1. State which entries of Lys160/Lys323; Lys211/Lys287; Lys292/Lys322; Lys124/Lys160; Lys176/Lys242 exceed 22 angstrom in Cα-Cα distance in the structure shown.
2. Tell me, what ³J(HN,Hα) does each residue in the range 311-328 have, in order and in whole Hz, if you take phi through Karplus 6.51 cos²θ - 1.76 cosθ + 1.60 with θ = phi - 60° and put x for Gly and Pro?
3. Work out, step by step, the length gained on full extension between Arg38 and Asp57: first 0.36 nm times the residue separation, then minus their alpha carbon distance; give nm to one decimal.
4. Within the range 326-342, name every residue whose backbone N is under 13 Å away from a label modeled 7 Å from Cα of Lys211 along the Cβ vector.
5. Can you list the HN-Hα couplings for the range 106-123, worked out from phi with the Karplus curve (6.51, -1.76, 1.60; θ = phi - 60°), rounded to whole Hz and with x for Gly and Pro?
6. Taking Lys261 as the anchor, which aspartates and glutamates have their alpha carbon closer than 15 Å to its alpha carbon, excluding any fewer than eight residues away along the same chain?
7. For the range 207-261 and the range 138-175, what is the separation of their C-alpha centers, rounded to whole Å?
8. Please report, in cubic angstrom per residue, the volume enclosed by the convex hull of the alpha-carbon atoms of the range 77-197.
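Where a number appears in this text, it was derived from the coordinates with a stated rule and is not lab data. Computed from a prediction, not measured in an experiment: that's the story for all the values here. Cβ sites come from the backbone with ideal geometry, for glycine too, and all protein chains shown count toward neighbours.
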Amino acid sequence: MANRIAQNLLTTQPSPTQSQQNRYARITGTGSFLPPQRVTNADLVTQLAATGVETSDDWIVERTGIRARHFSAQGVLTSELAVTAAQNALQAAGLQAGDIDLIIVATSTPDMVFPSTACIVQNKLGIAGCAAFDIQAVCTGFVYALSVANAMIQSGAANKALVIGAETFSRILDFKDRTTCVLFGDGAGAVVLEASATPGILATDLHADGKHVGILCVPGNVSGGAVDGAAFLHMDGQAVFKLAVGVLADTARTTLANAGKTEADIDWLIPHQANIRIMTSTAKKLKLDMDKVVVTVDQHGNTSAASIPLALDTAVRSGQVKKGQTLMLEAVGGGFTWGSALIQY
Ligand code: UT7
């Protein structure tokens, strides 16, 4: 253990043979995990009807594109999903957990108020000593986490990072609120990022505008031994929709410009999977056919920070995404936050 800690500390120093100019962060493995309980729209419609909440498969499919989602079993927390996704990514990269010197978990449904889910994941992976922390940018969390890990690898502060998006949104859904409870699901996705002399993450772009805090939030806080305020997700769907379609194409274009690329260079758009109508609108603005867009919202629902790495891993394992292709990742979420990342896979 002590050796591993010493090794991890040592490996956070930049390699003297690799200058920062040609030091990139490259995805060398992807992984994901969906909890086994799959809930179709028909299942949900039946369960909600039993409590007097009216919805329909037609409404959900037409307004969102969602047909099914996965829910964790009672008591299964975010770190458990994250660990399995991380192990799958490590296996794909041909690495052991002990090789990792940075863990970032993007989540809005942490196991505890503190410590971070990343520390819990680190312990469950059986390692110690490397930096581990959470990033909270709701549905934009994975893009934020990827951007921070990229900067740490480029600066030489890390060499091999696990970047994970993991959520158990079913725990914060109000099943009496049909405007939100049909939208979200649970899951986790992960990538291994390694320092490399070849690209890599080409560019990223992050934003936030805190005046929109109230349109997508879980307003409760822990105080005096209880939850003070509502502990369920609240969303003004139309306001989020409007903001989302306004910013997504812009951030993608900024990232392309930062990388010296154009829309024509994109092989795959891998958007945050919230609503098929938002994805279609963004693809149209970027002049991309829908056959260049990775779509998993139909099967996963909106898994917040997990949705992009889940979609990426699904596309890698199905053979859609191939080595060397150029991927545009983009997301919006509570905060209000938004951002994008351009990747040479
Ligand atoms: O992940 C973070 C980012 N989040 C998002 O990107 C979500 C963005 N927002 C959306 O995706 C959409 O706004 C929703 C899917 C949430 C809602 O779609 P919409 O087309 O904006 O519907 P709406 O809110 O305008 O509601 C239309 C109607 C309303 O009835 P009335 O007032 O027209 O009679 C709602 O009460 O649909 C009703 N409705 C439902 N009906 C059946 C709302 N939820 C349901 C439901 N089943 N589950």
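1. Lys211/Lys287; Lys176/Lys242
2. With the stated coefficients, the range 311-328 comes to 5, 4, 5, 4, 6, 5, 6, 7, x, 5, 8, 10, 3, x, 6, 9, 10, 10 Hz.
3. 5.3 nm
4. 336
5. So the J values, rounded to whole Hz, are 8, 7, 10, 10, x, 4, 9, 4, 8, x, 5, 4, 4, 5, 5, 5, 4, 5.
6. List returned: Asp205, Asp250.
7. 15 Å
8. Spread over its residues, the Cα hull of the range 77-197 gives 100 Å³ apiece.
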